[in-house]
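The values are calculated or read from the model by the stated rules, or taken from the named source; none is laboratory data. Note that this is a predicted model, so its numbers are computed, not measured. Counting neighbours? That spans all protein chains shown, and the Cβs are built from the backbone with ideal geometry, glycine included. Each accessible area value is taken on the protein alone, full model and side chains, heavy atoms only, with ligands, DNA and RNA left out. Shrake-Rupley method; radii C 1.70, N 1.55, O 1.52, S 1.80 Å.
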Amino acid sequence: MTNNFKPDHLGQIHTVQTLSNTEPALNKGGIRWTIHQHKEKLLESGAIFYTGRKLLIDRDIFISALKEGL
C-alpha cells in the first residue's frame, strides 16, 4: 500500500462514520460504495488517504469530487 498523504489538505478530516454524522445527505453505505467504485480517483485527488490501515476522508475534496461527478 502506498502512502498518499497530502499534508496540504483543504478541509476537515473524517472517518466514514464521522462524515456520515456531519453530512446528513451522505450515509455510511453510500460513502463506502463511492470509495469502492472510485478509489483510485479519490486517492489521486487527496479526497481519501490512509494512515496505517485507517481510511481518512478530506471532507472538502470529497464533496468537491462528488459535485464534479468524480
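Across 51, 34, the residue with the most accessible area heads the list, and the full order at a 1.4 Å probe is 51, 34. Counting charges near residue 15 (Lys, Arg +1; Asp, Glu -1) among other residues having Cβ under 13 Å from its Cβ returns a value of +3.
Full extension of the chain between residue 12 and residue 67 yields a length gain of 18.1 nm, computed as 0.36 nm times the residue separation minus the alpha carbon distance.
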